[in-house]
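The block underneath contains the structure these notes are about, expressed in structure tokens.
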Amino acid sequence: MKLNISTFSIFLVAGLTLTMFLLWSLSLLVLVDRQNQQNAVTYRQNLHGQVLQLQQKQRLWLQSQYYLLTTLAESPSERQNFQGFLWDYYQRNPSIWAVNLVEFDERGNPVSRSSKPGCLQPDQMHRDDFDDYLVPGIASCRIDDKALLEIAGPVASEGSTRVLLVSMDYFDFLNEFSALSGRRLQRAADSERGIQYHEFGLNLGSATQVTIPIGETDWVFGELHLSLQPISFWELFERQVAIVLTILVTAAILLLLLLHFNLIKPLLVLADRMRHAANSQQQAGDDDQAEVRPGLQVMQDHFDILQKMAKRDPVTGLNNRVIFEDRLSQAIREGKRSARRYALVIIDVRGLDDFAVQRGQYIVDVLLRQVADGLKESLRESDHVARFERNLFALLLEVQQRDQLNTLVEKIYLSVVRPYQVFGREFELNAYFGVAIYPEHGADADNLYQHASHALVRAEHSEWPIQFFRDADDVTDTSGFTMIQSLRRAIESDELKLVFQPVVDLETYATVYLEALLRWKDPEKHEIPIEHTIRLAEQNHLIKPLTNWIFETACRFVSESEIEDIAVGINLSMIDLHDRHLPERIETYLQRYRVKPAQIVIEITEGQIMQDPGEVIEVLAHLGVMGLSLSIDDFGTGQASLTYLKELPVEKLKIDQSFVRDMATNPDDQLIVRATIELAHTLDLKVVAEGVETLATCDLLAEMGCDHVQGYYLSRPLEAEQVATWFETSVKPDLARKGK
């Protein structure tokens, strides 16, 4: 449904009016509640004050009765008729409970004329306690189910001392209270709080109960329960609703008029003029309209061009950041309505700046277009991709299941780090991915950008190129990946191990060092051989965590070994040597396990492409300065062996086993091996021949002057616990001749 601005304004003002009416109703409800609470407090205070006044009045009346009776008791003429007077007095004053005149015998013991008990019992009195100067006192007490107010004092007559006690119902004042307030009271059952008086017909369903304690400072004889009828919300609502609605409707009409003349009418006039201008493009024959059309057409053409420029990246043809952020905002709005989940992926492609310096910006532009094509091919129709700036790309992926997202992200990663062919040359790129998921990692675009960028920084400084954002308490990360996570799980779950194959000196038959080889602990659980896993890690720039694990495990082995000056050879990929931080990490492991640099031999896999020879030579030079021994592995299979051999700071050269294995029967292999040995000795390098499997091959290498040999003829790779036994029964010349 489409609304024009007039209808929208009416709905807006109606909504505001309704909102104001609801707010007024809510405020009225709150006001009624507060007023009822305040009324209850005020009502209780007023009634409590009235009760206190009536109690004080009752005390004064009791004192007047006491003095009246005292006068009669002291008068000789009336003394004999005192008992008869009391019967008549009780009839005229039903609130009086008892009048007792206590006399004392010769021994000072009290003699009472009344059988009714009072607060002050006669047996509690003694003549010495009373004299002519004793002031009458008022006391209160409770006897059984009766609360009494009593006044007691001496009465002097013919030189003897007597005590007059006048008692009355403590709650007698409630009769006057009921008459004054118009409330009928009834005595209810007694409780721990004393005698309970309830208002007749007290209804606690709608009324508010007010409780007033009755008693002295340190004793409560009972409670008075009264009802207070609260103010009704609906009664107050009915009295005020007409006035409020009149005010709101009047204000709404005034607001609509104000909007119409100051906003709606000018916008309608502008829209009408734009419509006439647009219709003029479709008409002809009018001179004035013919003059307007070209200008509007030029503006439209310019607008189309600017719109395309504002939406597209000129190099890759992808959406730019402006369009991507709009798509992200739409996705978040859709997610709030339908509970859909989306992932924001920020990709940092590395290596393009170096190519720009070495090959030119045009090559980089071609690479960027190929990267963009690979990203588009990897995405689904519902996903979006954009190039932000330079080497930064962004993806918006709909998340249906976390495992599917992990698989998709890894697929995209592999599409970026694949080899690229540009004008007959092959290039390889590296990339880092930072991922944040809506709504787990952010409820708006800013939070998602912040957390995805944080994950990207962690990816750039960690061993794993794909990182999901995680809080400090979140221990999950990149779970569910196939190749990446399988390698990570293998490292973290201790599924890998190192075996060690000896490299033996041909002259002394002493063990020079042990080459560390990576193996699965349980090969039957893994379909992919370890060599293929290493090759995949190298191809996808995942060799760094594997290299770190091998270095740490090898250094720990050397540190725990009891063999003096034992040395271990570790294979490094050419990708490792393009990492300027490699020497720092190696030095960290050496210091952590207290391993001498001379106990580590670095074997460089020469068969891979050296993309940046200068950087590789710099890293190797740093390792050489640290004191590590350097060796070229698989010599003869690389593309630039002789070119860089003199520049690389190496000490050993290992001939690839493909030339050594069949050299005893293949004259061509013999020529290659002999020439390699002579070349190495000319460059003052030691030669290691790997793949020695027969005695004939070993003798032939000794005759050629080879320095060290390695192969199954001497020993298969040893488990870590077998190394000590190997050194105890090292290779002897006579044993070798017997075909050990």
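The values are calculated or read from the model by the stated rules, or taken from the named source; none is laboratory data. Since the model is a prediction, treat every value here as computed from it, not as a measurement. Cβ coordinates were reconstructed from backbone atoms using ideal geometry, including for glycine residues, and neighbour counts include every protein chain displayed.
If a residue must be exposed (fewer than 14 other Cβ atoms within 10 Å of the Cβ) and assigned to a loop (DSSP other than H, G, I, E, B), how many such residues does segment 218-239 contain? Of the residues in that region, 5 qualify. Considering only residues of segment 635-667 that are part of a helix (DSSP H, G or I) and of a type in the set (Val, Ile, Thr), which is modelled with the lowest pLDDT? In this case the residue turns out to be THR643. Filtering segment 719-729 to residues that are in a helix (DSSP H, G or I) and without any contact (Cβ under 8 Å) to a residue 24 or more places away in the chain leaves GLU721, GLN722, THR725, GLU728.
Exactly one residue out of ASN406, ASN430, ASN447 is under 20 Å from LEU367 (Cβ atoms) and either surrounded by fewer than 18 Cβ atoms within 10 Å (Cβ to Cβ) or in contact (Cβ under 8 Å) with a residue 12 or more places away in the chain (or both): that is ASN430.
Filtering segment 395-418 to residues that are hydrophobic (A, V, I, L, M, F, W, C) and not in a helix (DSSP H, G or I) leaves LEU395, LEU396, LEU397, VAL399, VAL417. Residue count for segment 337-360 satisfying the condition of being farther than 20 Å from PHE433 by Cβ and loosely packed, with under 13 Cβ neighbours inside 10 Å: 6.
A single entry from ALA179, ALA271, ALA207 fulfils the requirement of being modelled with pLDDT under 80 and under 19 Å from TYR43 (Cα atoms): ALA207.
Filtering segment 418-474 down to residues that are of a type in the set (Val, Ile, Thr) and more than 14 Å from the chain's Cα centre (by Cα), which residue is farthest from ILE346 (Cα to Cα)? Step by step, filter segment 418-474, then rank; the result is VAL422.
Does segment 680-688 include one or more residues that are touching a Cys at 6+ places or on another chain (Cβ under 7 Å), in the same structural domain as SER629 (by TED's automatic domain parsing), modelled with pLDDT of 90 or more and not in a loop (DSSP other than H, G, I, E, B)? Yes - at least one qualifying residue is present in segment 680-688.
Looking across segment 689-718, just one residue is charged (D, E, K, R), crowded, with 18+ Cβ neighbours inside 10 Å and assigned to a loop (DSSP other than H, G, I, E, B), and that is ASP707. Across segment 607-622, the qualifying residues are those that are closer than 26 Å to SER462 by Cβ and outside any helix (DSSP H, G or I), and the one among them that is modelled with the highest pLDDT is ASP612.
When you check ALA675 against the structure, is it surrounded by fewer than 19 Cβ atoms within 10 Å (Cβ to Cβ), modelled with pLDDT of 90 or more and over 17 Å from LEU572 (Cα atoms), yes or no? So ALA675 passes the test. Among the residues of segment 627-634, is any more than 46 Å from the chain's Cα centre (by Cα) and modelled with pLDDT under 85? Yes.
Taking segment 94-108 as the region of interest, how many residues are surrounded by 14 or more Cβ atoms within 10 Å (Cβ to Cβ) and of a type outside the set (Phe, Trp, Tyr)? Qualifying residue count, segment 94-108: 8.
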